[in-house]
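K.L.:
One structure coming up, written as structure tokens, with questions to follow.
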Amino acid sequence: MTMTSDKDRVVIFDTTLRDGEQSPGATMTHNEKLEIAGLLDDMGVDIIEAGFPIASEGDFNAVSEIAKNATNSRICGLARAKTGDIDRCWEAIRHAEKNRIHTFIGTSPLHRAIPNLTMDEMADVIHKSVTHARNLCDNVQWSPMDATRTEWDYLCRVIEIAIKAGASTINIPDTVGYTAPVESAELIKRLIETVPGADEVIFATHCHNDLGMATANSLAAVAGGARQIECTINGLGERAGNTALEEVVMALKVRNDIMPWSTGIDTRKIMHISRRVAAVSGFAVQFNKAIVGKNAFAHESGIHQDGMLKNAETFEIMRPSDVGLSGTSLPLGKHSGRAALRDKLQQFGFEVGDNQLRDVFVRFKELADRKKEVFDDDIIALMRSGEDAE
Ligand code: KIV
Ligand code: ZN
């Protein structure tokens, strides 16, 4: 067994039920939210952001209920930098054994313009809101929304204020998926080196996938010193989504040689929760999605299937069982070869000699040219029609 110290451990903060649910059309019912929270808790997620309690009566009730039922995870609620939001959030999460208030405000020039606050006025709002949250809850996370487009000096200044006011986690959101991996690593590293008190808090990374870089940016941030990744199941989230939990967790597991940080996630629970989130959110997972897509462990071409039948490591870098799948799938199609066909026939109890295999293979290829995918029933029918012809 390898021992890991705290500095090697990455906290997994799941926001499927908050940022994920903010995806247009992904609204979940009360019971669905409870079910997903139970699965997240069970798979070892450290912190569940259960919702935005001020947003609606329904969200408040769901967060309260999740807080009452959590057994392992810390339960977090989101609040704007407003006393009313923070009080409502605390009201919902206070039932949890371990809880957290996450409060935020947009700090970039574009976001400061919305409430029309000067830099000084916003700094004051940050001081007051974090102080208020800290008076209610001993675990406070603060986020400068749109951090990656906030002026460097101002970002350092407001982070210092939040730390002094009692925040123990500073989250750096890449709200619009604008950053790139080198920049993401460098930003966290420089913040930790520069901001007074930074060594006493945990830095978190919260990435969106607008340019398809959320996973890479999150892992780069960890290389830069972040020790909390904010993510969602299946990468569910606004616009192009958030960092996908399954991707960062499996990347850290599979490439631990170059990314020596661990998580507390039981990866064998990934596939089940992925399917449940897809079902309750109504957001189907794309076939070629990393880790959880239908084709992530499927091989159709003859060369790949032959390799897989001889040694699974030829074309797979993870074991299907590591993510909760019973095995690899070798779907038959026009690119498949004899080895996979013979293997499939054997699974149905058909032992064929070389001559018979040659004959079935010709008929199989004719069929595969006509159909996108050849199903198990098609193979059985092929064998039956061959037997009838004899
Ligand atoms: O993307 C974002 O900036 C957020 C904040 C509320 C943390 O989701
Ligand atoms: Zn977000």
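Just so you know, all these numbers are worked out from the coordinates, no wet-lab data involved. Since this is a predicted model, take the numbers as computed values, not measurements. Positions of Cβ are generated from backbone atoms using ideal geometry, with glycine treated the same way; all protein chains shown enter the neighbour counts.
K.L.:
When the chain is modelled as a GNM with alpha-carbon springs shorter than 10 Å, which of F350, F203, F13 fluctuates the most?
P.N.:
F350
K.L.:
Write out the trypsin sites (Lys or Arg not before Pro) in the stretch 321-383 meeting two conditions: DSSP loop, and at most 15 other Cβ atoms within 10 Å of their Cβ.
P.N.:
K371, K372
K.L.:
To check my understanding: the extent here is largest minus smallest coordinate of the Cα atoms along each principal axis. What are those three numbers for the stretch 248-371, in Å, largest first?
P.N.:
Cα spread of the stretch 248-371 along its principal axes, largest to smallest: 53, 36, 23 Å.
K.L.:
While we're on this one: Please sort 285-293, 160-168, 75-83, 194-202 by packing, taking for each peptide the average over its residues of neighbouring beta carbons within 10 angstrom, highest first.
P.N.:
Highest-to-lowest ranking by the protection proxy: 75-83, 160-168, 285-293, 194-202.
K.L.:
Check the straight Cα-Cα distances from K128 and name the aspartates and glutamates below 17 Å, setting aside those fewer than 8 residues away within the same chain.
P.N.:
The qualifying aspartates and glutamates are D85, D87, D120, D138, E160.
K.L.:
If you don't mind, another one. Let me test this: with uniform point scatterers at the alpha carbons of the stretch 1-98, what is the Debye-based log₁₀ I(q)/I(0) at q = 0.16 1/Å?
P.N.:
Each listed q maps to, in turn, -0.63.
K.L.:
How big is the Kirkwood radius of the stretch 54-163, worked out from every pair of different alpha carbons and given in Å to one decimal?
P.N.:
14.4 Å is the Kirkwood radius here.
K.L.:
Now for a different question. Run lengths n ≥ 4 of DSSP H only: what is the helix-derived mean residue ellipticity at 222 nm for the chain, with -39500 (n - 2.57) per run over all residues, to the nearest 500?
P.N.:
So the calculated ellipticity at 222 nm is -13500 deg cm²/dmol.
K.L.:
Two decimals is fine: what is log10 I(q)/I(0) at q = 0.22 Å⁻¹ for the stretch 46-117, from a Debye sum with one equal scatterer on every Cα and no solvent?
P.N.:
Here the Debye-derived log intensity ratios amount to -0.82.
K.L.:
What relative contact order, as a whole-number percentage, does the stretch 249-364 give when Cα pairs under 8 Å and 6 or more residues apart are counted?
P.N.:
So the answer I get is 22 percent.
K.L.:
Output the peptides 242-255, 30-43, 109-122 sorted from most to least packed, where packing is the average of other Cβ atoms within 10 Å over each peptide's residues.
P.N.:
Highest mean packing first, the order is 242-255, 30-43, 109-122.
K.L.:
With an 8 Å cut-off on Cα pairs and a minimum separation of 6 or more residues, tell me the relative contact order of the stretch 11-147 in percent.
P.N.:
Relative contact order comes out at 20 percent.
K.L.:
Using 26 Å as the Cα-Cα cut-off, could you pick out the over-long pairs in K98/K294; K269/K310; K7/K294; K269/K371; K344/K371; K7/K98?
P.N.:
K98/K294; K269/K310; K7/K294; K269/K371
K.L.:
Sticking with this structure for a sec: For the stretch 290-301, in order, what is each residue's ³J(HN,Hα) by Karplus, 6.51 cos²θ - 1.76 cosθ + 1.60 with θ = phi - 60°, in whole Hz (x at glycine and Pro)?
P.N.:
In residue order, the calculated couplings are 4, 6, 10, x, 4, 9, 5, 10, 10, 9, 9, 6 Hz.
K.L.:
So, one more: Which net charge results for the neighbourhood of L78, defined as the other residues with beta-carbon distances under 9 angstrom from its beta-carbon, given Lys and Arg at +1 and Asp and Glu at -1?
P.N.:
-1
K.L.:
Starting from the exponent 0.38 and prefactor 2.2 Å, build the expected Rg for the stretch 186-320 from its residue count and divide its actual Cα Rg by it.
P.N.:
1.20
K.L.:
Let me ask something additional. Within a 10 angstrom radius of the beta carbon, how do S143, S329, S321 rank from fewest other beta carbons to most?
P.N.:
Ascending number of Cβ neighbours within 10 Å: S321, S329, S143.
K.L.:
Continuing with this model, one more query. Once you have the Kirkwood Rh of the chain from its Cα pairs, apply Stokes-Einstein at 37 °C and 0.692 mPa s and quote D in µm²/s.
P.N.:
144
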